[in-house]
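Chemist: Before we start, here is the structure in question, set down as structure tokens.
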Amino acid sequence: MKLATFTAGPAPELGVVTGERIIPLNRAAPGLPADMIGLIRKWPDLQAEVARIAQAAQGALPLSGVRLLAPIPRPGKIWAIGLNYADHIAESGVETPANQVWFTKAVTAVTGPFDPVEIPTGFCDYEVELVAIVGAGGRRIAAGDAPAAVFGWCVGNDVTERMWQHRTPQWSLGKSFDTHAPFGPWITTADELANPHDLGLRCLVNGEVRQNSNTRHLVFDVWQQVAHLSEAMTLEPGDVIFTGTPGGVGAAMSPRQFLKGGDRVRCEVDGLGAIETVCEGL
């Protein structure tokens with residue numbers, strides 16, 4: 001299923017996307033959780049009911065007539081891995097990391113899949129990524145058990161302010177500007193994706209393909225990422241994991257091509273849809 005958070009009135013709602021329509025869940029079943037994290041927490045008990053509502057399609061709305069929000073507007077945690085595609089490592093001029101390189105993005109960086117992205121300086125960059133949404137989660141999850149800990153998948157853009165990123169060894173500030181974590185357009189549940197490690201992903205800026213790769217080129221695959229993170233902390237339902245970006249970022253181009261006001265950035269992952277944002281200069 002494709003589960004979305006949207007507005008068609010004053011308050012956010014949950015819905016199931018089917019083709020060009022969205023079926024509001026809480027209108028059909030007011031007793032369901034009203035937010036995505038709540039739905040994820042109770043998913044084993046609610047999946048059948050949600051599937052029934054989707055099948056009935058009562059009260060379906062045109063997808064074009066609603067505003068899609070980030071599927072989880074305020075996650076508990078957002079973690080992102082750096083230097084996790086060979087071509088991006090090469091263009092960055094560094095050695096392949098022996099260990100996973102992690103940073104956090106502030107939850108206030110989250111924005112909707114089609115909402116504007118603020119460009120506060122002349123050094124903002126794009127990074128298309130496969131995003132994993134934690135489901136059951138847990139602590140000290142073995143890589144072999146990690147698939148059961150993932151609820152679903154999204155498309156993300158790890159927008160980065162490069163000057164802030166590189167002025168210190170810690171990247172989190174440069175990764176955490178407001179609006180710099182758009183993801184969505186919905187969560188595709190894990191049962192609909194046979195293999196997350198063979199997905200094409202692309203980023204286009206004003207229609208020009210800048211990044212074009214496949215998740216099979218991940219240095220550390222998603223299951224290794226989940227296992228590694230959960231050694232340090234408990235992963236909880238609705239936590240968000242940005243799994244790495246391939247080569248082609250603007251900072252590595254010659255001359256460098258950073259984002260500017262008016263640029264349109266489209267990020268795609270095969271089978272998961274696309275997000276598209278317009279940059280707003282500040």
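Chemist: Just name the residue that is farthest from ASP125 (Cα to Cα) out of those in segment 173-199 that are assigned to a helix (DSSP H, G or I) and touching a strand residue (DSSP E or B) at 6+ places or on another chain (Cβ under 7 Å).
Modeler: That would be ALA190.
Chemist: Can I ask one more? Given (1) open to solvent by less than 20 Å² (accessible area, probe 1.4 Å); (2) in contact with a strand residue (DSSP E or B) (Cβ under 7 Å, 6 or more places away or on another chain); (3) outside any loop (DSSP other than H, G, I, E, B); (4) farther than 30 Å from VAL66 by Cβ, where does GLY244 come up short, assuming only one miss?
Modeler: For GLY244, the exception is condition (3).
Chemist: Another one. Could you tell me how many of the residues in segment 65-87 are outside any strand (DSSP E or B) and either under 21 Å from GLY238 (Cα atoms) or open to solvent by 20 Å² or more (accessible area, probe 1.4 Å) (or both)?
Modeler: Summing the residues that are outside any strand (DSSP E or B) and either under 21 Å from GLY238 (Cα atoms) or open to solvent by 20 Å² or more (accessible area, probe 1.4 Å) (or both) in segment 65-87 gives 14.
Chemist: Separate question: Does at least one position in segment 53-64 carry a residue that is in a helix (DSSP H, G or I), open to solvent by 30 Å² or more (accessible area, probe 1.4 Å) and aliphatic (A, V, I, L, M)?
Modeler: Looking through segment 53-64, at least one residue is in a helix (DSSP H, G or I), open to solvent by 30 Å² or more (accessible area, probe 1.4 Å) and aliphatic (A, V, I, L, M).
Chemist: Quick test of your reading of the structure: ARG67 fulfils all but one of (1) over 14 Å from the mean Cα position of the chain (by Cα); (2) within 30 Å of ALA252 (Cα to Cα). Name the failing condition by number.
Modeler: (2)
Chemist: Now for a different question. Residue check, ARG202 against (1) open to solvent by 40 Å² or more (accessible area, probe 1.4 Å); (2) in contact (Cβ under 8 Å) with a residue 40 or more places away in the chain; (3) not in a strand (DSSP E or B), all met but one. Which one?
Modeler: Failed condition: (3).
Chemist: Under the condition of being within 20 Å of GLU268 (Cα to Cα) and of a type in the set (D, E, K, R), which residue from segment 83-116 is nearest to the chain's Cα centre (by Cα)?
Modeler: ASP115
Chemist: May I pose another question? Considering only residues of segment 124-155 that are more than 18 Å from ILE78 (Cα to Cα) and touching a strand residue (DSSP E or B) at 6+ places or on another chain (Cβ under 6 Å), which is surrounded by the fewest Cβ atoms within 10 Å (Cβ to Cβ)?
Modeler: Result: ASP125.
Chemist: Taking ARG27, is it outside any helix (DSSP H, G or I) and charged (D, E, K, R)? First the steps, then the outcome.
Modeler: Values: outside any helix (DSSP H, G or I): no; charged (D, E, K, R): yes.
So ARG27 does not fit the description; no.
Chemist: Among the candidates THR108, THR121, which residue alone is open to solvent by 20 Å² or more (accessible area, probe 1.4 Å), hydroxyl-bearing (Ser, Thr, Tyr), touching an Asp or Glu at 6+ places or on another chain (Cβ under 9 Å) and not in a loop (DSSP other than H, G, I, E, B)?
Modeler: On the way: THR121 fails: not in a loop (DSSP other than H, G, I, E, B).
Residue meeting the stated conditions: THR108.
The values are calculated or read from the model by the stated rules, or taken from the named source; none is laboratory data. In this text the structure is predicted, and so the values were computed from the model without any measurement. As a convention, Cβ positions derive from the backbone with ideal geometry for all residues, glycine included, and neighbour counts pool all protein chains shown. SASA here: full protein model, heavy atoms, side chains in, ligands and nucleic acids out. Shrake-Rupley method; radii C 1.70, N 1.55, O 1.52, S 1.80 Å.
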